[in-house]
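For reference, the structure discussed in these notes is given below.
The values are calculated or read from the model by the stated rules, or taken from the named source; none is laboratory data. Every value quoted in this text rests on a predicted model; they were computed, and no experiment measured them. FYI the Cβ positions are ideal-geometry reconstructions off the backbone, even for glycines, and counts take in every protein chain you see.
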Amino acid sequence: MIPYGRQEITQADIDAVVGVLQSDFLTQGPMVPRFEQAIAVACGAKHAVAVNSATSALHIACLALGLGTGDRLWTTPVTFVASANCGLYCGAQVDFVDIDPRTYNLCPQALERKLVEAEKAGTLPKIVVPVHLCGQPCDMEAIHRLSQRFGFKIVEDASHAIGGTYQGELIGNGRYSDITVFSFHPVKIITTAEGGMALTNDAKLAEKMGLLRSHGITRDPALMTHEADGPWYYQQVALGFNYRMTDLQAALGVSQMTRLHEYVARRHQLAKRYNELLAPLPITIPWQHPDSYSGLHLYVIRLQLDKISRSHGEVFESLRQQGISVNLHYIPVHTQPYYQKMGFKAGDYPEAEKYYTEAISLPMYPTMTETQQDQVIAALRGALS
Ligand SMILES: *Cc1c(COP(=O)(O)O)cnc(C)c1O
């Protein structure tokens with residue numbers, strides 16, 4: 001079986017983790033700040049807060065920005081459920097903005113139309129979460145301009161996009177957002193097994209997220225309400241969680257980070273080869289905006305169903321039967337039963353729903369060989385005919 005994504009673990013990664021196992025600290029030691037520093041430098045952000053998943057990072061990002069009951073969070077329907085669930089965790093209402101049919105990212109024109117309506121109705125969002133699907137950055141300049149006009153905050157869900165650039169600048173540098181979130185799940189670009197990070201240039205937001213990831217507890221006298229009772233003293237000054245990353249995970253992350261650019265470059269080689277070899281087939285290959293360098297977490301094709309006699313489901317099944325573990329990113333979130341119970345229905349976001357009837361994620365990961373890629377292409381050719 002050729003998987004759709006797969007981590008690479010080198011001897012250096014193993015040695016790094018074993019080194020932590022043999023050290024004094026399995027968690028809350030020196031590796032977490034070292035990993036945070038490595039990411040902050042590589043992505044051009046002032047502050048980085050490591051946590052145990054991107055889901056946790058999204059949650060504390062929303063809380064740090066003050067999202068609460070009665071507020072609204074908007075995101076794209078074509079994402080993993082976590083990009084939307086973070087709003088619900090905070091007691092906010094979640095709503096969606098349809099996608100751009102070319103990039104499959106949240107469409108800035110659709111966002112503007114919805115904001116104009118929401119302004120009239122008094123239902124503007126407090127936070128918008130653009131998701132850089134497949135690693136391709138959203139039109140952040142346009143979304144940022146709208147945030148200035150309508151007064152919302154921006155949390156970039158960059159779970160697919162570490163190592164990429166937008167307008168020649170690093171994803172994560174926060175030029176057009178308040179907070180950027182990365183995921184280090186094994187299928188993502190670099191991994192810590194489970195793990196995530198929130199980046200920001202705002203010291204106050206970083207401080208809040210630092211508190212929230214660890215019970216709302218501080219040992220910093222500057223954050224306490226009165227002088228410490230003694231050297232043992234700490235204070236709980238907010239209601240936080242245990243969202244900490246361990247030193248084992250951070251050591252793996254530090255080691256993986258040394259190969260970030262190599263990984264993204266390899267993904268680009270594979271994508272270029274797919275682009276060339278798939279061009280004659282009745283499918284739409286990914287469109288890449290010229291002003292960005294994608295992290296290329298995923299390679300998504302869309303079937304041109306009017307040109308083939310097989311259904312989407314049949315092509316998908318055929319590929320799986322031929323040992324190609326294709327996937328579908330994503331089932332539009334508003335069509336999930338949990339969201340349907342809140343009143344969303346099929347037909348609400350037509351571009352997202354059309355995408356869902358045509359999209360297939362082909363295998364792509366840094367250790368994939370050209371022979372494996374040729375197998376995928378041959379299987380796809382067979383499945384389409
Ligand atoms: C993977 C992913 C997440 C969640 O990441 P975890 O680290 O597994 O919590 C959130 N958003 C998107 C777009 C993702 O792909």
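For segment 178-223: of the residues being within 16 Å of the ligand (Cβ to nearest atom) and among the hydroxyl-bearing types (Ser, Thr, Tyr), which is surrounded by the fewest Cβ atoms within 10 Å (Cβ to Cβ)? The extreme case among them is 191.
Among what's in segment 144-177 and is of a type in the set (Val, Ile, Thr) and within 16 Å of the ligand (Cβ to nearest atom), pick the residue that is nearest to residue 213 (Cα to Cα). The extreme case among them is 155. Examine segment 81-101 for a residue that is within 13 Å of the ligand (Cβ to nearest atom) and surrounded by fewer than 16 Cβ atoms within 10 Å (Cβ to Cβ), and state whether such a residue exists. Within segment 81-101, one or more residues are within 13 Å of the ligand (Cβ to nearest atom) and surrounded by fewer than 16 Cβ atoms within 10 Å (Cβ to Cβ).
Among (1) within 12 Å of the ligand (Cβ to nearest atom); (2) surrounded by fewer than 24 Cβ atoms within 10 Å (Cβ to Cβ); (3) farther than 19 Å from residue 294 by Cβ; (4) of a type in the set (A, V, I, L, M, F, W, C), there is one condition residue 115 misses while meeting the rest; what is its number? Against the list (1) within 12 Å of the ligand (Cβ to nearest atom); (2) surrounded by fewer than 24 Cβ atoms within 10 Å (Cβ to Cβ); (3) farther than 19 Å from residue 294 by Cβ; (4) of a type in the set (A, V, I, L, M, F, W, C), residue 115 comes up short only on (1). Looking across segment 16-48 at every residue that is of a type in the set (Val, Ile, Thr) and in contact with a helix residue (DSSP H, G or I) (Cβ under 6 Å, 6 or more places away or on another chain), the one that is modelled with the lowest pLDDT is identified as 27. For segment 334-385, what are the residues that are touching a strand residue (DSSP E or B) at 6+ places or on another chain (Cβ under 7 Å), farther than 15 Å from residue 299 by Cβ and among the aliphatic types (A, V, I, L, M)? Once the filter is applied, which keeps residues that are touching a strand residue (DSSP E or B) at 6+ places or on another chain (Cβ under 7 Å), farther than 15 Å from residue 299 by Cβ and among the aliphatic types (A, V, I, L, M), segment 334-385 yields only 352. Quick check: is even one residue across segment 3-12 among the basic types (Lys, Arg) and either closer than 28 Å to residue 205 by Cβ or touching a Ser or Thr at 6+ places or on another chain (Cβ under 6 Å) (or both)? No - not one qualifying residue is present in segment 3-12.
Selection of segment 159-211 for residues being over 17 Å from the mean Cα position of the chain (by Cα) and not acidic (Asp, Glu) yields 167, 168, 175, 201, 203, 204, 205, 206, 208, 209, 210, 211. Count of segment 134-174 residues, restricted to those that are in contact (Cβ under 8 Å) with a residue 60 or more places away in the chain and in a strand (DSSP E or B), is 7.
If you scan segment 248-298, which residues turn out to be farther than 29 Å from residue 40 by Cβ and either aromatic (Phe, Trp, Tyr) or surrounded by 21 or more Cβ atoms within 10 Å (Cβ to Cβ) (or both)? Within segment 248-298, 274, 286, 287 qualify. Filtering segment 40-59 to residues that are more than 12 Å from the ligand (Cβ to nearest atom) and closer than 17 Å to residue 27 by Cβ leaves only 49.
Residue 273 satisfies every condition listed in (1) within 16 Å of the ligand (Cβ to nearest atom); (2) more than 30 Å from residue 87 (Cβ to Cβ) except (1).
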